[in-house]
Amino acid sequence: MTRGAYVLARVAVMIRVPARWLWWLGVLAAGIGLFVPSLTGRRIGVLGGAALFIIAAAITYVVRRRRYVKLADGATRAAKSAFLQDRRVTARIWSRAHRWWLLAAFAVAIGSSAAAPAAGGMLLAGAGAGLWAKARWLGRWERRHGALLWVRPEWAAPRGPVGRGVSGYQSTGPAAGDAGPGGARVAVARGGR
């Protein structure tokens, strides 16, 4: 049992934040890529990109779901001494920690358009769509169990909310924090456990 005050971040928010970034950067890169002169031509690039979108979305949705379920099923009740991190704070911390990776992925996606227009951007967008679907899936778990899932951010920092450093999740009631099931924004911040 953890003693003393500590911080918890929402698991679903940690999935939604990269989903949003990958989706919008992918859409932007695909749009720019349509205007880049290429070796294969626009039609082949878009068709290949559509296939990559579907593959990336499916993989990111399916990968490590068993680990999520295992951690969720074993979640312990959050202590009264836990501070629940705001959705915006979690998003800002994740974005700052991954900004160079995002920039590099965006640049590679645009650069790949010289070979196949829009394909790299559609791949990024597909990964974002798969993560968004995973956050929705986790939201359904949270609604079904009437609990929100939280993780220590320092455990999740290196490899995400199901990385090796994560030894377990903690749970609160569905009204805790400022994000609803699945990490969605709620109209008014609510308190309570």
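The values are calculated or read from the model by the stated rules, or taken from the named source; none is laboratory data. The structure presented is a predicted model; accordingly, all values stated were derived computationally and were not measured. Here the Cβ is made from the backbone with ideal geometry for all residues, glycine too, and neighbour counts use every protein chain on show. Note: accessible area is taken over every heavy atom of the protein model, side chains too, but ligands, DNA and RNA are not part of it. Shrake-Rupley method; radii C 1.70, N 1.55, O 1.52, S 1.80 Å.
Considering each residue of region 61-94, count those that are open to solvent by 70 Å² or more (accessible area, probe 1.4 Å), more than 16 Å from residue 168 (Cα to Cα) and assigned to a loop (DSSP other than H, G, I, E, B), and give that number.
Looking only at that region, the number is 3.
So which of 111, 33 ends up being in contact with a helix residue (DSSP H, G or I) (Cβ under 8 Å, 6 or more places away or on another chain) and free of Cβ contacts under 8 Å to residues at least 40 places away in the same chain? Before the answer, list the steps.
Working: 33 fails: free of Cβ contacts under 8 Å to residues at least 40 places away in the same chain.
Residue meeting the stated conditions: 111.
Checking residue 28 against (1) part of a helix (DSSP H, G or I); (2) open to solvent by less than 70 Å² (accessible area, probe 1.4 Å); (3) under 17 Å from residue 111 (Cβ atoms), which single condition isn't satisfied?
Checking residue 28 against (1) part of a helix (DSSP H, G or I); (2) open to solvent by less than 70 Å² (accessible area, probe 1.4 Å); (3) under 17 Å from residue 111 (Cβ atoms), the one that fails is (2).
Counting just the residues of region 151-174 that are of a type in the set (D, E, K, R) and closer than 14 Å to residue 71 by Cα, which one comes out modelled with the highest pLDDT?
Going through the qualifying residues, I end up with 152.
Which residue out of 92, 143 is more than 14 Å from the chain's Cα centre (by Cα) and not aliphatic (A, V, I, L, M)? Quick ask: steps written out before the conclusion?
Values: 92 fails: more than 14 Å from the chain's Cα centre (by Cα).
On inspection, the qualifying residue turns out to be 143.
Just to be sure I understand, how many residues within region 131-183 are in contact with a Phe, Trp or Tyr (Cβ under 9 Å, 6 or more places away or on another chain) and part of a strand (DSSP E or B)?
6
Criterion first (under 13 Å from the mean Cα position of the chain (by Cα), farther than 17 Å from residue 30 by Cα, among the aliphatic types (A, V, I, L, M) and surrounded by fewer than 24 Cβ atoms within 10 Å (Cβ to Cβ)) does residue 97 satisfy it?
Here the answer is no, as residue 97 does not meet what is asked.
Out of curiosity, is residue 5 buried (at least 17 other Cβ atoms within 10 Å of the Cβ) and either over 16 Å from the mean Cα position of the chain (by Cα) or over 28 Å from residue 122 (Cβ atoms) (or both)?
On the way: buried (at least 17 other Cβ atoms within 10 Å of the Cβ): no; either over 16 Å from the mean Cα position of the chain (by Cα) or over 28 Å from residue 122 (Cβ atoms) (or both): yes.
Against the criterion (buried (at least 17 other Cβ atoms within 10 Å of the Cβ) and either over 16 Å from the mean Cα position of the chain (by Cα) or over 28 Å from residue 122 (Cβ atoms) (or both)), residue 5 does not qualify.
Under the condition of being small (Gly, Ala, Ser) and touching an Asp or Glu at 6+ places or on another chain (Cβ under 8 Å), which residue from region 175-193 is modelled with the lowest pLDDT? Let's see the steps before the verdict.
Kept after step one, since they are small (Gly, Ala, Ser), are these residues of region 175-193: 175-177, 179-180, 182-184, 187, 189, 191-192.
Now narrow it down to the ones that are touching an Asp or Glu at 6+ places or on another chain (Cβ under 8 Å): 177, 182, 189.
On the way: 177: 71, 182: 76, 189: 44.
So, considering only residues that are small (Gly, Ala, Ser) and touching an Asp or Glu at 6+ places or on another chain (Cβ under 8 Å), the one modelled with the lowest pLDDT is 189.
When you scan region 8-45, how many residues do you find that are at pLDDT 90 or above and β-branched (Val, Ile, Thr)?
Here the count works out to 6.
Does any residue of region 118-131 turn out to be under 26 Å from residue 165 (Cα atoms), open to solvent by less than 10 Å² (accessible area, probe 1.4 Å), in contact (Cβ under 8 Å) with a residue 60 or more places away in the chain and of a type in the set (Gly, Ala, Ser)?
Within region 118-131, one or more residues are under 26 Å from residue 165 (Cα atoms), open to solvent by less than 10 Å² (accessible area, probe 1.4 Å), in contact (Cβ under 8 Å) with a residue 60 or more places away in the chain and of a type in the set (Gly, Ala, Ser).
Just to be sure before I move on: is residue 43 under 30 Å from residue 174 (Cα atoms), out of contact with any helix residue (DSSP H, G or I) (no Cβ under 7 Å at 6 or more places or on another chain) and open to solvent by 80 Å² or more (accessible area, probe 1.4 Å) in the structure I sent?
It is false that residue 43 is under 30 Å from residue 174 (Cα atoms), out of contact with any helix residue (DSSP H, G or I) (no Cβ under 7 Å at 6 or more places or on another chain) and open to solvent by 80 Å² or more (accessible area, probe 1.4 Å).
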